[in-house]
Amino acid sequence: MTMPTDIKIIDLMLNVPGDDNSQWYEFMKPLLMDKESRMMFKMPAQYMFKDIPEIASGETDDYIAYTVGLMDKFNIDIAMTGIDDHNEVTKEAVKRYPKRFKCSYECNPNNGMDEVRKIKRLHKEFGLVAVTAFPSGLCPQVPLNDKKFYPIYAACVELDIPFCTTVGVPGPRLPMEPQKVEHLDEVCWFFPELTVVMRHGAEPWTDLACKLMLKYPNLYYMTSAFAPKHYPKSIIDFANSRGSDKIMYAGYFPMGLSLDRIFKDMPNVPFKDEVWPKFLRENALKVFKLDQ
């Protein structure tokens with residue numbers, strides 16, 4: 001049950017830091033009602049994280065090389081990272097290291113068909129491997145089973161790429177209704193060709209998340225935004241039993257967790273020996289088609 005050290009890891013949530021990190025959470029500011037979230041936090045769920053990575057402005061003149069160096073240190077072979085039209089550092093990272101960085105795009109279903117066209121354009125330009133969403137962080141919020149999401153789901157089916165969504169109680173002080181795990185029952189039922197990957201915990205509904213993964217072959221889970229010592233027990237138990245093909249590793253660097261913190265904790269996760277290769281690499285290769 002010891003974590004192997006010879007697996008080339010795939011991290012399904014890792015971004016390149018830079019001088020503009022403070023802009024990552026601007027989109028949700030209109031939804032934040034309390035003063036602490038608006039004025040004091042470096043990131044809107046800071047109360048949940050003890051050691052948010054500190055990367056001082058000007059610490060390096062090449063954040064991409066800095067990030068690749070960290071990936072090499074922790075044997076991370078491939079990172080899925082967010083891209084958008086304004087994200088120049090990610091564009092450059094993909095250009096310089098096309099085999100190391102794979103792109104996802106965080107969608108806004110409030111934009112209707114313009115968003116569908118954007119997804120298809122970014123897929124053509126950057127080879128998107130996933131579309132992601134933060135339903136509680138959208139302004140206005142959009143529940144996962146809302147009709148506004150349906151064109152996005154159809155586009156993902158057409159492009160044959162997964163849809164990755166935050167589920168469970170959000171860390172930022174935002175209403176949780178849009179992210180209830182139960183909404184995915186309808187989505188997975190109506191879109192059996194859509195691959196859906198849950199991210200950011202699914203708490204407190206992890207038992208339901210496991211039940212739905214058993215029910216639907218197109219539903220999966222990644223461990224983003226959780227230090228390994230806090231992985232939900234039901235998720236570990238599921239991976240060690242009937243769900244070994246369903247659970248995938250994702251970190252949260254540099255948004256909330258350092259890679260040092262993650263991989264200091266990781267060897268203590270009680271996965272079975274046969275689960276580790278699937279968790280750290282094989283499941284992501286298959287689900288996100290990274291070996292094609």
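Read-outs: derived from the displayed coordinates by stated rules, not from any lab. Every value quoted in this text rests on a predicted model; they were computed, and no experiment measured them. No Cβ is skipped: glycine too gets one built from the backbone with ideal geometry, and neighbour counts run over all protein chains shown.
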**Prompt:** For region 178-197 and region 65-79, what is the separation of their Cα centres, given in Å?
**Reply:** 33 Å
**Item:** Cα-based equivalent ellipsoid of region 168-225: semi-axis lengths in Å, sorted from largest, via gyration tensor
**Value:** 19, 12, 10
**Message:** With the cut-off at 1.5 for a/c, could you classify region 99-258 from its C-alpha gyration tensor as rounded, prolate or oblate?
**Reply:** rounded
**Prompt:** In what sequence, highest mean first, do 222-235, 89-102 appear when ranked by Cβ atoms within 10 angstrom?
**Reply:** 222-235, 89-102
**Complete:** For the chain the mean separation of alpha carbon contacts under 8 Å (6+ apart) over residue count, i.e. relative contact order in percent, is 23 percent
**Residues L290, L257, sorted so that the one with the fewest Cβ neighbours within 10 Å comes first** = L290, L257
**222 nm mean residue ellipticity, helices alone, for the chain (DSSP H n ≥ 4; -39,500 (n - 2.57); rounded to 500)** = -8000 deg cm²/dmol
**Relative exposure of H183, H86, judged by other C-beta atoms within 10 Å (fewest first)** = H86, H183
**Fill in**
When the chain is treated as a Gaussian network with springs between alpha carbons less than 10 Å apart, the largest mean-square fluctuation among W276, W205, W189 is found at W189
**Request:** Find the percent of Cα-Cα distances in the chain that exceed 29 Å, and round it to a whole number.
**Result:** 29 percent
**Asked** Which of R173, R281, R242 moves the most in a Gaussian network model of the chain with Cα springs under 10 Å?
**Response** R242
**Asked** Going by the alpha-carbon gyration tensor, a ≥ b ≥ c the square roots of its eigenvalues, is region 193-292 rounded (a/c under 1.5) or, if a/c is not under 1.5, prolate (a/b greater than b/c) versus oblate?
**Response** rounded
**Request:** Mind listing the long-range amide H neighbours of A130? Cut-off is under 5 Å, sequence gap 5 or more, other chains count too, H placed in the peptide plane at 1.01 Å from N.
**Result:** Y105
